[in-house]
Amino acid sequence: MMRTIVMVVAMVIFLCGRSSNGPVSLVSADPIGPPNLSNCNPSGSECCLPSSTPSTFIALNSSTPLRTRRALQTVLQDAPYLARLNAAYATLRRLERDAPNDPRGLEQQRKLHCAFCSELVYGSEYNMHGNWFFLPWHRMLLYYHERILAWATGDASFALPFWNWDSDAAAQKALPSSYADTTSALYSARRRAAADIQSMIQSEITGDQLFMNFGDVPESDSVIGTAGGNGNLETYGHNQVHNAVGPNGSPDMGNLAWAGYDPVFYAHHANVDRMWSVWRQLPGRSDPTSADFRDSRFVFYDENATARIIAVSFVLDHATNLRYVYENVPNTWTTRAELGPSRTVAHNDVPGGPPLTVPQTYRASATVSAEDPNVATAFVQSPDTTPRRGAIPELTLRNVAHSKGEPLALYVFINQPDAGVNTPRAGNPRYIGARFLVAGGMSMPVSFTFPIRICLEGLNLSLSRNFTVQVVRGVEFGATKRPLSIQSIDYVHDPQV
Ligand SMILES: [Cu+2]
């Protein structure tokens, strides 16, 4: 078949050199940090940290014994471990009461997360959500939190557990029982009912979606994010677990400012960190190489309440430099990813023809339905290029406006003109996935990228075909305060070229 020439009538094509995940970056072009802890903005005072002069991270000796972070389903059988975990959080709660300014107390640990996410407490460049610092910064936070727990237990080999919600097993989608025990230091009363938590995670976080969003995707831009745009590890599974646990509206997991006060936050984030580690070990995956990423530095308090500076480059190899690894628990998305990428969608190239080297984006305007303010539609044309073999087509919802105080759920379909909140998603080949936001983040437009190769295969749509995209805003979090607004929906065949 010949190359398709797309006729464009009354539509504008923007040719872009590069598809970007995010809106205009608020982040400077240079490496950032370390933040000055004595520079706390008074408007963010509920998140200000004790100020002190930090010293640099002391590199661990590679002979330090490796700690293994285990899945909660494994440690639930280990009563002595659970007793230590419980005792550690009891100590952090006691510190909070007896020495409120001790940075190791649970409330101070909450502030540490709050300080770098929800308000412009230390400056807009220190927003650790919605960009590529999300994964390494939370890895650092967990690392120091784990050292504080180890100090609290008196067991230097103590390791965090992870909540394996990416497993397809229904039991793993449930809030781990040790955290639901009302007599435990792991308990928080500020959560949804256990059955609601499980059903919200089970219905939205599936192995198929995890595979489509991370397992099949080699580019770090889509998985980890960019200097100014979120990655899918953050806005798919991670955000929805926050929303599922926290009822959003009280100080809880559903609000970034408060999430760090719930002990399950740390087991949840250990799983996000593990998913990054598992993805990174798949063939052809790598972390961003930019010095702006790798040389950025942040500050944390260690187990001696000493402020430490640590650089992103130092935490990328967690086994060597931070001396911890994860228990290997197979899940369907990792198993499929290990089998290698599946066949590619039909690409219409001419055998022997020149390979395509310039990605081109087709940008369509998204129109909100007159009948339903929670539905937006766009008619998307194939970019006027011949995709190369192995292309990874993506759709980007560009500059979705949202309100900082509200969570957000967006469900996206291809060629589903009747899409609405009741359109089935599970098992629906026209459904390409969801993206979520947690309340309490930055108030700025965000963009979401959807790898759609597998969906196009399922619908037998070649890359040269045009299609419609339907975006549905979920209503499970209640009435929203503003109409759905998306600047454009972009289609790019091959963002990695
Ligand atoms: Cu989080």
- Checked segment 236-270 for anything among the hydroxyl-bearing types (Ser, Thr, Tyr) and under 24 Å from Phe211 (Cα atoms); matches are Tyr236, Tyr266
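Would you please name the residue that is nearest to Ala419 (Cα to Cα), looking only at residues in segment 358-372 that are assigned to a strand (DSSP E or B), modelled with pLDDT of 90 or more and not aliphatic (A, V, I, L, M)? Full working, then the answer.
Step one: of segment 358-372, the residues assigned to a strand (DSSP E or B) are 361-364, 367-368.
Next, from what is left, pick out any that are modelled with pLDDT of 90 or more: 362-364, 367-368.
If we keep only those that are not aliphatic (A, V, I, L, M) as well, we get 362-363, 367.
Values: Tyr362: 22, Arg363: 21, Thr367: 14 Å.
Applying the filter and picking the extreme gives Thr367.
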- Given the residues Val412, Val421, which is the only one that is assigned to a strand (DSSP E or B) and either modelled with pLDDT of 90 or more or within 16 Å of the ligand (Cβ to nearest atom) (or both)? Val412
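Can we say Ala319 is in contact with a strand residue (DSSP E or B) (Cβ under 8 Å, 6 or more places away or on another chain), at negative phi, within 16 Å of the ligand (Cβ to nearest atom) and open to solvent by less than 40 Å² (accessible area, probe 1.4 Å)?
Values: in contact with a strand residue (DSSP E or B) (Cβ under 8 Å, 6 or more places away or on another chain): yes; at negative phi: yes; within 16 Å of the ligand (Cβ to nearest atom): no; open to solvent by less than 40 Å² (accessible area, probe 1.4 Å): yes.
It is false that Ala319 is in contact with a strand residue (DSSP E or B) (Cβ under 8 Å, 6 or more places away or on another chain), at negative phi, within 16 Å of the ligand (Cβ to nearest atom) and open to solvent by less than 40 Å² (accessible area, probe 1.4 Å).
Take the residues in segment 203-219 that are acidic (Asp, Glu) and part of a helix (DSSP H, G or I), then tell me which one is farthest from the ligand (Cβ to nearest atom).
Residues of segment 203-219 that are acidic (Asp, Glu), as a first pass: 204, 208, 216, 219.
Still in the list and also part of a helix (DSSP H, G or I): 204, 208.
Details: Glu204: 16, Asp208: 23 Å.
Here the answer is Asp208.
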- Item | Conditions (1) touching a residue at least 24 places away in the same chain (Cβ under 8 Å); (2) part of a helix (DSSP H, G or I): number failed by Trp132 | (2)
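With the structure loaded, tell me whether Gly228 is more than 30 Å from Val492 (Cβ to Cβ), open to solvent by less than 20 Å² (accessible area, probe 1.4 Å) and in contact (Cβ under 8 Å) with a residue 40 or more places away in the chain or whether it fails that test. Quick ask: steps written out before the conclusion?
Values: more than 30 Å from Val492 (Cβ to Cβ): no; open to solvent by less than 20 Å² (accessible area, probe 1.4 Å): yes; in contact (Cβ under 8 Å) with a residue 40 or more places away in the chain: yes.
Answer is no for this residue.
So, in segment 258-297, exactly how many residues are away from the ligand (no atom under 16 Å from the Cβ) and aromatic (Phe, Trp, Tyr)? Before the answer, list the steps.
Of segment 258-297, the ones away from the ligand (no atom under 16 Å from the Cβ) are 277-297.
Restricting the remaining residues to those that are aromatic (Phe, Trp, Tyr) gives 279, 293.
Within segment 258-297, residues that are away from the ligand (no atom under 16 Å from the Cβ) and aromatic (Phe, Trp, Tyr) number 2.
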- Note on the structure: Reported set for segment 38-84 where residues are touching a strand residue (DSSP E or B) at 6+ places or on another chain (Cβ under 7 Å) and surrounded by 16 or more Cβ atoms within 10 Å (Cβ to Cβ) is Pro54, Phe57, Arg67, Arg69, Arg70, Ala71, Leu72, Val75
- Message: With the requirement that a residue be open to solvent by 20 Å² or more (accessible area, probe 1.4 Å), of a type outside the set (D, E, K, R) and not in a loop (DSSP other than H, G, I, E, B), what does segment 447-482 give you?
- Response: Ile454, Gly458, Thr468
- Message: Being touching a residue at least 60 places away in the same chain (Cβ under 8 Å), within 16 Å of the ligand (Cβ to nearest atom), under 22 Å from Gly441 (Cα atoms) and open to solvent by 10 Å² or more (accessible area, probe 1.4 Å) narrows it down to one residue among Asn255, Asn239; which is it?
- Response: Asn255
- Message: Within segment 158-185, take every residue that is touching a strand residue (DSSP E or B) at 6+ places or on another chain (Cβ under 6 Å) and part of a loop (DSSP other than H, G, I, E, B) and give me the one that is farthest from Asp208 (Cα to Cα).
- Response: Ala159
- Query: If you go through segment 359-381 one residue at a time, do you hit one that is crowded, with 22+ Cβ neighbours inside 10 Å, within 17 Å of the chain's Cα centre (by Cα) and touching a residue at least 60 places away in the same chain (Cβ under 8 Å)?
  - Reply: no
- Message: Conditions first: (1) modelled with pLDDT of 95 or more; (2) surrounded by 21 or more Cβ atoms within 10 Å (Cβ to Cβ); (3) out of contact with any Asp or Glu (no Cβ under 8 Å at 6 or more places or on another chain). Asn127 passes all but one, so which condition is the exception?
- Response: (1)
- Among Leu160, Leu210, which is open to solvent by less than 40 Å² (accessible area, probe 1.4 Å) and under 30 Å from Thr306 (Cβ atoms)? Leu160
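The values are calculated or read from the model by the stated rules, or taken from the named source; none is laboratory data. Because the structure is predicted, anything quoted here is derived from the model rather than measured. Ideal geometry is used to build each Cβ from the backbone, glycine not excepted, and the neighbour counts take in all protein chains shown. These area figures cover heavy atoms from the full protein model, side chains too; ligands, DNA and RNA do not enter into them. Shrake-Rupley method; radii C 1.70, N 1.55, O 1.52, S 1.80 Å.
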